[in-house]
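Scroll down for the structure; my scribbles are underneath it.
The values are calculated or read from the model by the stated rules, or taken from the named source; none is laboratory data. In this text, all values refer to a predicted model and were calculated from it rather than measured experimentally. Ideal geometry is used to build each Cβ from the backbone, glycine not excepted, and the neighbour counts take in all protein chains shown. Just the protein is used for accessible areas: all its heavy atoms, side chains included, with ligands, DNA and RNA removed. Shrake-Rupley method; radii C 1.70, N 1.55, O 1.52, S 1.80 Å.
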Amino acid sequence: MSDDRRQAATVSDLPEPLAKLLWRRYTVYRERGGTVVIRGEDAGRWISLASHGSGRVRIRAGRILEGGTTAPARAETTVPLDGDIARLAACCRGLLAETAGARAAETAAPPPATARQRPGPRKGRRRRGTAVLVCAAVVVGLIAVSMFG
């Protein structure tokens with residue numbers, strides 16, 4: 001058996017144990033190109049594993065959109081495939097965290113329908129800021145008058 005075929009067999013053995021470490025509820029499937037995808041439905045994220053050269057695996061992570069479709073990968077890396085499933089799971093968790101961070105930075109979640117809108121800035125805060133600026137200007141003016149006057 002060639003290295004590529006042995007590598008592909010090894011990658012195909014990873015999804016179930018890896019999925020059990022990452023999520024409680026998951027779905028595993030294989031795409032046409034041989035990539036294995038693990039969907040964490042309750043987390044709204046997915047991970048894909050693909051053979052990448054000799055002894056390496058390419059890991060990609062992304063979000064699951066409303067309706068169940070998958071968004072394009074937000075993070076990816078290539079790691080050695082040495083049989084250490086715990087290290088592989090830690091790498092996947094890092095990518096999933098990057099994916100979650102990218103979503104948070106991209107857009108804020110819309111407020112729930114029952115939530116009330118927050119009021120704008122209060123006038124008292126605005127007046128307080130103006131008063132501080134006026135006091136600072138007065139102090140600078142007094143210092144200028146005492147130096148040049």
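Filtering segment 23-39 to residues that are in contact with a helix residue (DSSP H, G or I) (Cβ under 6 Å, 6 or more places away or on another chain) and closer than 18 Å to Glu98 by Cβ leaves only Ile38. Checked across segment 48-66, the condition of being part of a helix (DSSP H, G or I), modelled with pLDDT under 85 and open to solvent by less than 80 Å² (accessible area, probe 1.4 Å) holds for no residue. Scanning segment 74-87 for residues that are at pLDDT 85 or above, among the aliphatic types (A, V, I, L, M) and either part of a strand (DSSP E or B) or surrounded by 12 or more Cβ atoms within 10 Å (Cβ to Cβ) (or both) yields Ala75, Val79, Ile85.
For Ala97, are the conditions met, namely being in contact with a Gly (Cβ under 7 Å, 6 or more places away or on another chain) and over 18 Å from Glu16 (Cβ atoms)? Criteria not met by Ala97. The single condition from (1) of a type outside the set (Asp, Glu); (2) surrounded by 12 or more Cβ atoms within 10 Å (Cβ to Cβ); (3) touching a strand residue (DSSP E or B) at 6+ places or on another chain (Cβ under 8 Å) that Lys20 fails is (3). Contact map, segment 129-146: first residue among the aliphatic types (A, V, I, L, M), second residue open to solvent by less than 90 Å² (accessible area, probe 1.4 Å) and outside any helix (DSSP H, G or I), Cβ cut-off under 7 Å, separation 6 or more or different chains; the map is empty.
When residues in segment 23-47 are screened for being in a strand (DSSP E or B), more than 20 Å from the chain's Cα centre (by Cα) and either crowded, with 18+ Cβ neighbours inside 10 Å or not hydroxyl-bearing (Ser, Thr, Tyr) (or both), 3 of them pass.
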